[in-house]
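**Q** A single structure is presented below for examination.
The values are calculated or read from the model by the stated rules, or taken from the named source; none is laboratory data. Not measured: the values here are computed from a predicted model. With ideal geometry, Cβ positions are generated from the backbone for all residues, glycine too; neighbour counts draw on all protein chains shown.
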Amino acid sequence: MTALLPNLMPQPARRAALDGPPLPAGVRLVPRFDGARSARLEAACARLPAAPSGPPVPLVLDCGASPALPALDDDESYRLTIAAEAVTVRAATEWGALRGLATLTQCLDGGPVPAVLIEDRPRFPWRGLMLDVARHFLSPAALHRTLDAMAVFKLNVLHLHLSDDQAFRFPSARFPELASPAHYRRDELDALVRAAADRGIRVVPELDVPGHATAWLTARPEWGSRPAPPSRRFGVHQACLDPTRPAVREAVRVLFGELADVFPDACLHLGGDEVHPAWWSEDEAVAAFMAEHGLADVAALQAWFTAEVAAAIAALGRVPLGWDEVLHPGLPTSVAVQAWRGATARDRALLAGHDCIVSAPYYLDLMLPADVHARFPPDAPEAELIEQENALLRDPRLAHVAAGMAWTHQWREVAGPPAAPRPGRLLGAEACLWAELVDEAVLDQRLWGRLPALAELFWSGAVAAGDPLRARLDAVRSNLPRWTGIDLDAALRAGVEAAGVEPAWWPLVEALEPVKWYGRLLGETALAARIAGREMPQSRPYDADTPLNRVVDHLPCECRVAGRLRRLLDAEAAGDRQAAGTLRALAEGWAALPDRAGPDELAEPARALRRLGDELLGVLDGRSDAAAAGQALAALGRPRGEYLLGPVPLLADWLARRELPGES
Ligand code: ACM
């Protein structure tokens with residue numbers, strides 16, 4: 001890890017120290033346009049962290065003019081020079097200049113900036129974020145805030161999942177009855193597309209067909225083969241469009257036409273995931289249609305329908321994109337595939353000739369620590385990805401859900417279509433935030449604690465071994481308010497205070513994490529059924545109306561104390577007496593936590609953290625036997641409801657290292 005601007009995220013391709021003094025803190029950067037000048041560039045300069053009364057320093061922008069909209073394969077390379085007397089951004093395009101300004105933003109962390117030359121370009125042209133705005137509505141303001149932050153981390157595709165079983169958020173002119181009470185207006189979507197383009201971000205819209213369509217069918221029951229009452233529950237639904245009806249195919253064609261009118265991007269996403277077979281396989285008219293068209297099974301019927309929708313999208317001059325279930329022999333290779341089911345879906349798509357975006361390892365709703373995601377470069381060989389998936393089952397932080405995660409390994413057995421003469425192209429990757437447990441109040445916490453690490457993976461490639469990712473993410477976290485106005489710690493504090501937590505329990509809040517993977521969403525009963533391979537019960541702890549206002553909703557995925565604790569444990573292990581003292585103080589604080597200073601559901605986690613404090617003091621004092629302490633830690637590492645004690649795996653690791661003197 002370089003010592004020069006170590007906290008840039010993404011790390012740039014190349015940087016070199018320049019002779020000369022640093023750019024002082026608090027200067028006022030005054031734009032000068034040596035190449036293209038546009039409202040877009042002026043606005044981007046105006047968004048730089050401001051020091052309006054500081055001494056002026058020229059900010060020279062020298063780039064070629066770009067069209068109104070960004071596109072795949074735009075040249076995003078740039079060259080940024082920072083010196084005391086001037087800052088210069090040179091690029092072939094405005095898109096490259098915007099990326100250079102993003103790097104400059106990150107250099108402005110409140111201190112002097114060392115004189116530096118940065119030359120940079122992305123590894124992948126598609127670096128996306130999918131937001132599920134169906135399960136919970138996200139206001140335009142939340143989306144604009146997200147675009148601002150995406151730009152700071154050089155993400156360049158916002159994929160909006162606009163419809164699902166619970167809601168339909170797109171304002172159709174022809175079928176206005178589809179729109180849920182909370183939906184976007186046309187002018188709001190126009191403004192969003194414009195704001196995105198001004199930041200070099202494409203907006204790719206998705207209408208998910210033919211499954212995940214309960215909301216369509218509550219408005220238009222005649223588009224399905226059975227009645228579908230409105231649903232607020234989560235999980236795969238049986239309701240799906242009946243593709244054998246001409247009216248359904250015509251409606252879908254019209255809707256994608258309307259979508260294309262609003263969203264100018266080259267890609268339109270047709271969904272295609274998780275189609276439940278029940279309705280199609282139990283309907284006589286559907287069976288007759290399949291026989292007539294020589295469709296052997298419901299998978300063939302879905303493929304037939306996907307090809308119809310893909311043709312309608314192609315007729316609009318756009319590229320169809322679907323989740324990896326769309327893969328089927330005979331699917332036109334012009335359909336791009338978003339791989340989400342495990343390590344092997346990507347290569348199935350590529351080998352069959354489809355361009356591909358990887359999302360499987362980047363599901364932010366699984367509440368996994370950032371370093372877990374960062375182990376999966378989008379272009380790593382499949383065998384390495386499988387090995388990484390296997391390794392997750394041995395990660396002590398994920399032990400409580402390992403059996404559930406192992407269930408997904410069955411996706412490796414899914415057969416792909418035959419190999420095409422030419423493989424497809426790996427376009428890049430997309431992080432996904434499914435929003436069953438995400439509303440506007442917790443959105444930022446779910447995104448920005450970890451997404452910068454993924455943005456780096458997509459822009460720069462794999463992180464180097466030994467990379468201090470956690471520390472760099474903590475640095476990002478503390479700079480976010482300056483760069484984006486998003487303050488994750490203030491949001492955390494406000495959220496837990498509103499949930500009734502008193503300051504005496506702040507050390508508890510700092511030590512807690514939500515359970516991982518689908519632990520919260522499934523709940524204990526459904527999770528146990530999934531692990532046992534049984535049909536999962538439909539009843540779940542959450543539906544779309546459950547308030548997301550408990551402490552667990554606001555907690556970051558990695559506990560707030562993790563970074564500090566890791567540094568203290570490392571220093572203590574290296575014999576640092578002061579660190580040992582600080583560690584002791586932390587343990588004493590835990591051991592002395594009051595019984596009650598917040599909601600009932602935290603009483604048990606508080607008891608467990610007190611015990612953890614006692615155990616740690618016992619080890620530090622040499623009172624407790626290491627084997628007994630290890631056993632105690634194992635018990636304390638189990639979930640308490642939806643909560644985990646985040647320090648336990650760190651302490652277990654530290655304890656194991658103490659037991660093995662001489663090993664490193
Ligand atoms: C998906 O996660 N159902 C694409």
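**Q** All but one of (1) modelled with pLDDT under 95; (2) touching a Phe, Trp or Tyr at 6+ places or on another chain (Cβ under 8 Å); (3) surrounded by 20 or more Cβ atoms within 10 Å (Cβ to Cβ) hold for residue 530, so report the exception by its number.
**A** (3)
**Q** Among the residues of the range 311-330, which ones are surrounded by fewer than 24 Cβ atoms within 10 Å (Cβ to Cβ) and more than 14 Å from the ligand (Cβ to nearest atom)?
**A** 311, 312, 314, 315, 316, 317, 318, 319, 328, 329, 330, listed by residue number.
**Q** Let me ask something else. Given 417, 396, 381, which one is touching a Pro at 6+ places or on another chain (Cβ under 8 Å) and farther than 25 Å from residue 513 by Cβ?
**A** After ruling out the rest, the residue left standing is 417.
**Q** Related question: Taking only pairs six or more apart or across chains, which ones have beta-carbon atoms under 6 Å, a first residue in the range 267-278 that is near the ligand (Cβ under 9 Å from one of its atoms), and a second residue that is modelled with pLDDT of 95 or more and in a loop (DSSP other than H, G, I, E, B)?
**A** 271/208; 271/209; 274/211
**Q** Which of the following residues is crowded, with 19+ Cβ neighbours inside 10 Å, within 16 Å of the ligand (Cβ to nearest atom), without any contact (Cβ under 8 Å) to a residue 60 or more places away in the chain and within 18 Å of residue 266 (Cβ to Cβ): 160, 192, 207?
**A** Answer to the check: 160.
**Q** Only residues in the range 318-336 that are under 10 Å from residue 269 (Cβ atoms) count as the first member; pair them with residues that are within 13 Å of the ligand (Cβ to nearest atom) and part of a loop (DSSP other than H, G, I, E, B), Cβ under 6 angstrom, at least 6 apart or cross-chain, and list the lot.
**A** These pairs meet every condition: 320/270; 322/270; 322/272; 323/272; 323/273; 323/340.
**Q** Something else about it: Please list, ordered by first then second residue, the pairs with beta carbon atoms under 8 Å, 6 or more apart or interchain, first in the range 224-236 and charged (D, E, K, R), second loosely packed, with under 14 Cβ neighbours inside 10 Å and in a loop (DSSP other than H, G, I, E, B).
**A** 232/545; 233/538
**Q** Okay, next question. Checking the structure you have, find out if any residue of the range 43-56 is assigned to a loop (DSSP other than H, G, I, E, B) and within 15 Å of residue 154 (Cα to Cα).
**A** Yes, some residue in the range 43-56 is assigned to a loop (DSSP other than H, G, I, E, B) and within 15 Å of residue 154 (Cα to Cα).
**Q** Among the listed residues 255, 241, 158, identify the single one that is part of a helix (DSSP H, G or I) and of a type in the set (A, V, I, L, M).
**A** Testing whether each residue is part of a helix (DSSP H, G or I) and of a type in the set (A, V, I, L, M) leaves just 255.
**Q** Could you check how many residues of the range 172-182 are crowded, with 19+ Cβ neighbours inside 10 Å and either at pLDDT below 95 or not small (Gly, Ala, Ser) (or both)?
**A** The qualifying residues number 1.
**Q** With the condition being touching a strand residue (DSSP E or B) at 6+ places or on another chain (Cβ under 7 Å) and more than 16 Å from the ligand (Cβ to nearest atom), I'd like the helices (runs of 4 or more DSSP H) fully within the range 415-494 carrying at least 1 qualifying residues.
**A** So the answer is 443-448, 451-460.
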